[in-house]
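*Asks:* Starting off with a structure, shown below.
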Amino acid sequence: MTVEFTTDTDVSTPTTGGVDWEHLTSSRPIAYQAAAVSVALELRRAVSACGASFSALHILAEAERYCSVAAIGYMAVANDSKPSASAAALQRLRLFRDWRDNWDAEGAPAPDLGALEVASNLLGFLKSYPVEPIAMLHASGLPMFVLNFTGGEGEITVSGDGAVDFVLDLPDGETQAEVELEFDNQSLPVQLHDVLTRLRAIAQHER
Amino acid sequence: MPQFGSWKPIHDTHAIQLAAITVTLNEPVGDLTFRKALNNVNPIAVELGLTEHAPINPQLPPQIQQFLNVSSPMQGMSYVRQSDGRIGERAFINRESLRFEDFEYIRWSPFKARAQKLLGDAVSEFTGGSSVNNISSEYTDVFIGLVGDQSDVSEVVNANSPLIAAGAFHSKASWHCHMGWFEPIDEHCRRLVNVNIDVADNLLEEKINRQVRIKTQTFDQFGQDGYAEYSNNVSWERLSYHLDSSHDRLKSLLRDILSPEAALAISLP
Amino acid sequence: MSGDDCRAAWAIAAPHNKAGALDLAFPQCFCEPWSLVGDDHRGVADEEVVARILTTPGMYDAGLILTQKLTSVSAGGASLIRAGASDVEILGTIMNLLQNAAEPQTLLGAAIFSAGNVRSLGQPQKNFGVYHTPDGAKNHHVDLLATTLAGSKTAQKKTERDRRYQLRDFMMPTIVAANDPDELLAALGSGPIKGIHTVVAI
């Protein structure tokens, strides 16, 4: 037994496909994708109950693959239009790796490769928060993120030994700063996490 | 932009459209365990920015529903972080699987750390009531042709790669290739490796957008087909070992598929 | 303590920590009256006009001078050029910025202001010092350096950031736009940069 269906990730278009999916009337595309996976799991049970011998994982993989193949077209083309802030920041960090001494024509030292590595990892944790990180370089060659967000701005500087400094001007008028925070590549330093969490709460309150 | 020939990866620094980790159990967990896990995951998801929560309660078409338990309880929960109107990250907690997806992959280290933060405790909770069937890691890499239907696929993939069926490959037409095989890992575990390559021509605004999609996936399967049973309560540390090992394997698979120019464009060593 | 002591401190300071090292050795901009390199004793007088050549996107983007680029005031110094420079020296400075940066740059113009005005930022504190630091053929090279505050590292971090914003806000209204080096040269030439200045003997 194989269920063939397609779905797309357009947030306004309901699911279409080769099976009557009228019952899936949610307007949330994620429910379709989630439902597709869940359907596959149910199908596995149904197949087993019928005494058939399809591989459960094959059904699951097929279900997901059919979802993805149709979705890929939209998502790939949509991605073509504008990279996310974090993708653009990662691209800048990658670019900085090739820069040498005097990259600014004013005698700045070459970017610190260890710090760039740390900054790239740190970037992966910033996406939990409503900030747009812009990757830049400090005159000392250390990577910096300028954080753009509604009602404020901030900076995070990373040093090669994994230490992080930040200064954030919050929308409520308060400025928070900390220096030499340890970043272990597993989670943001607590102080930075706390202030960004506060920023997210402010942003959600104002929405 | 790291264009190479008549192609580019979907991002400037890599081609990863989706990275995902899935932990699948042998049996669905009971209600109590399931709800305990959700109570644990819900606030963590919010903390990570996955603030859109939706229950998974599919209603199935009648021709399928007849085989199934009609009054199934809530099957799972989905969690989404939106980013500029697109899905940034997504997670599913179902009664017999847990899955974390990242559509804005940056680096392995933060991706794995976020997956661990979100799923780690739930995995421990689930494996108290069931056992792990497999842990899966997957990447979907996408390359976009820049000259429509003249985009030559041989610029992206190595036509002579052992991971591409020679009879399927075509440089300027759609095709699909699926491969799978098993690799032993240890006395408890074997690894199912899947490689799916899709070359599709999507029509958008009357223009052909040729895309190459490469999905590489591993399933580290425990206690099956002669492999020794693994104890219950598999810790995240144990699974973490498999994730790191799979990560390296998936990179080597992609390296074996791509052309040198494509690999260079995405800084794949 | 004399100009020689100041020059010695400048010479031994690490290239990317000139500001901190000089301020540690001689706080409150003590060394401003002297040239910090060579035998020329001319410090930069308050009434002298200095200019910071600006390029985009490296120093200026989205309508603003980039405060991240001004981090140099706390590191190796933000380069300025003082009045009296020849066309050759000015053009050389411009072309260096346009041709030697890691990313392609376009000339935006220059921020032109008096040394005294930037020195007065933060009064009665001295937030910035303006020092004559000739560099090879660039006889009229000047460095703008931030002073270091006392206090906790966190407080210093906030203040350092605030001062960069202060400097940006000070410089923005002083920008003279120019699309190419000759146009900027003409703008500088018709203004005070190439004018006569007073030599102050110490």
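None of the figures in this text is laboratory data; all of them are computed from the coordinates on show. As the structure is a prediction and not an experimental result, all values here were calculated from the model. Here Cβ is always computed from backbone atoms with ideal geometry, including for glycine, and neighbour counts include all displayed protein chains.
*Asks:* Identify unpaired cysteines across chain C, taking unpaired to mean no other cysteine Cβ lies under 4.7 Å from the residue's Cβ.
*Replies:* For chain C, the answer is C:Cys29, because their Cβ atoms have no other cysteine Cβ under 4.7 Å.
*Asks:* Something else about it: Can you give the extra length, in nm with one decimal, that the chain gains between B:Asn42 and B:Asp121 once fully stretched, where that is 0.36 nm per residue apart less the Cα-Cα distance?
*Replies:* That works out to 27.3 nm of additional length.
*Asks:* In degrees, nearest 10, range 0 to 90: what is the angle between the Cα axis of helix B:31-47 and the longest Cα principal axis of chain B?
*Replies:* 50 degrees
*Asks:* How many partner chain Cβ atoms sit within 10 Å of a residue's Cβ in peptide C:136-149, on average, as a whole number?
*Replies:* 0
*Asks:* For the stretch A:109-207, what is the relative contact order in percent, using Cα pairs closer than 8 Å and at least 6 residues apart in sequence?
*Replies:* Relative contact order comes out at 23 percent.
*Asks:* Mind checking the mean number of beta-carbon atoms from other chains within 10 Å of the Cβ atoms in C:158-170?
*Replies:* 2
*Asks:* For B:Trp175, which sequence-distant residues (separation of 5 or more, or a different chain) have an amide H within less than 5 Å of its own amide H, given hydrogens modelled in the peptide plane?
*Replies:* B:Val199
*Asks:* If packing is taken as the average number of other Cβ atoms within 10 Å across a peptide's residues, how do C:100-112, B:159-171 rank, most packed first? Walk me through the numbers before you get to the answer.
*Replies:* Details: C:100-112: 18.5, B:159-171: 13.6.
Going by the mean number of other Cβ atoms within 10 Å, highest first, we get C:100-112, B:159-171.
*Asks:* Tell me whether the stretch A:109-207 comes out rounded, prolate or oblate; compute the Cα gyration tensor, take square roots of the eigenvalues as a ≥ b ≥ c, and use a/c under 1.5 as the rounded threshold. Spell out each step's value before the answer.
*Replies:* Working: a/c = 2.04, a/b = 1.74, b/c = 1.17.
Because a/c hits 1.5 or more and a/b exceeds b/c, the stretch A:109-207 counts as prolate.
*Asks:* Evaluate 2.2 N^0.38 Å with N set to the residue count of chain B, then give the Cα radius of gyration divided by it.
*Replies:* My calculation over the Cα atoms of chain B gives 1.09.
*Asks:* What is the spin-label model distance, in nm, from B:Arg35 to C:Asp162 if the labels are put 7 Å beyond Cα along the C-beta direction?
*Replies:* 5.3 nm
*Asks:* Something else: Evaluate peptide C:82-91: per residue, the Cβ atoms of other protein chains within 10 Å of its Cβ; return the mean as an integer.
*Replies:* 0
*Asks:* Rounded to whole Å and sorted largest first, what semi-axes of the equivalent ellipsoid does the C-alpha gyration tensor of the stretch B:159-259 yield via the square root of 5 times each eigenvalue?
*Replies:* 34, 15, 11
*Asks:* Here's a follow-up. Testing the spin-label approximation: label points 7 Å from Cα along Cα→Cβ at B:Glu187 and C:Asp180. State their distance in nm.
*Replies:* Calculated label separation equals 8.0 nm.
*Asks:* Please report the Cα spread of the stretch B:127-207 along all three principal axes, rounded to whole Å, starting with the longest.
*Replies:* Sorted largest first, the three principal extents are 54, 30, 16 Å.
*Asks:* Dipole of the stretch C:128-193, Cα-centred, from +1 at each Lys and Arg C-beta and -1 at each Asp and Glu C-beta, to the nearest 20 debye?
*Replies:* 600 debye
*Asks:* Can you tell me the order of A:169-176, C:113-120, A:139-146, C:24-31 when each peptide is scored by its average per-residue count of other Cβ atoms within 10 angstrom, highest first? Working shown, then result.
*Replies:* Numbers: A:169-176: 14.5, C:113-120: 18.6, A:139-146: 23.0, C:24-31: 16.5.
Those peptides, ordered most packed to least, come out A:139-146, C:113-120, C:24-31, A:169-176.
*Asks:* Suppose every Lys and Arg Cβ carries +1 and every Asp and Glu Cβ carries -1, with no other charges. What dipole size does the stretch C:3-188 come out with about its Cα centre, to the nearest 20 debye?
*Replies:* Values: 16 positive and 21 negative charges, 177 e Å.
Using only the charged Cβ atoms, the result is roughly 860 debye.
*Asks:* Now for a separate question. Give the peptides B:31-41, B:101-111 in descending order of average Cβ contacts within 10 Å, highest first. Mind dumping the intermediate values first?
*Replies:* Values: B:31-41: 17.0, B:101-111: 21.7.
Result, highest mean first: B:101-111, B:31-41.
*Asks:* By a straight-distance test (C-alpha under 22 Å), which lysines pair with B:Lys112 as possible cross-link partners, with residues fewer than eight away in the same chain excluded?
*Replies:* Straight-distance partners of B:Lys112: A:Lys127, B:Lys215, B:Lys251.
*Asks:* Can you tell me the dipole magnitude for chain B around its Cα centre, using point charges on the Cβ only (Lys, Arg +1; Asp, Glu -1), in Debye to the nearest 20?
*Replies:* Roughly 200 debye for chain B.
*Asks:* Further question: What does the extension gain come out to for B:Ser245 and B:Ala166, with contour length at 0.36 nm per residue minus their alpha carbon separation?
*Replies:* Separation in residues times 0.36 nm, less the Cα-Cα distance, equals 25.6 nm.
*Asks:* Next question. Putting +1 on Lys and Arg Cβ atoms and -1 on Asp and Glu Cβ atoms, find which of B:Phe100, B:Ala228, B:Val41 reaches farthest to the positive end of the dipole of chain B.
*Replies:* Value computed over the given set: B:Val41.
*Asks:* Please list the non-local residues whose amide H lies under 5 Å from the amide H of A:Ala105, H modeled 1.01 Å from N, same-chain partners needing a gap of 5 or more.
*Replies:* The answer is C:Ala102.
*Asks:* State whether the stretch C:3-188 is rounded, prolate or oblate according to the following rule on the C-alpha gyration tensor (a ≥ b ≥ c being the square roots of its eigenvalues): a/c under 1.5 gives rounded; otherwise a/b larger than b/c gives prolate, and the remaining case gives oblate. Walk me through the numbers on the way to the answer.
*Replies:* Details: a/c = 1.68, a/b = 1.24, b/c = 1.35.
In terms of gyration-tensor shape, oblate.
*Asks:* Need the list of aspartates and glutamates near B:Lys207 for cross-linking: C-alpha distance under 15 angstrom, and skip anything on the same chain fewer than eight residues off.
*Replies:* A:Asp80, B:Asp149
*Asks:* Mind pulling the angle between the C-alpha long axis of helix B:236-257 and the longest principal axis of chain B? Nearest 10 degrees, somewhere in 0 to 90.
*Replies:* 20 degrees
*Asks:* Then there is this: Lysines near C:Lys126 by alpha-carbon distance under 23 Å, same-chain residues fewer than 8 away left out - which ones?
*Replies:* Partners within reach: C:Lys18, C:Lys69, C:Lys153, C:Lys157, C:Lys158.
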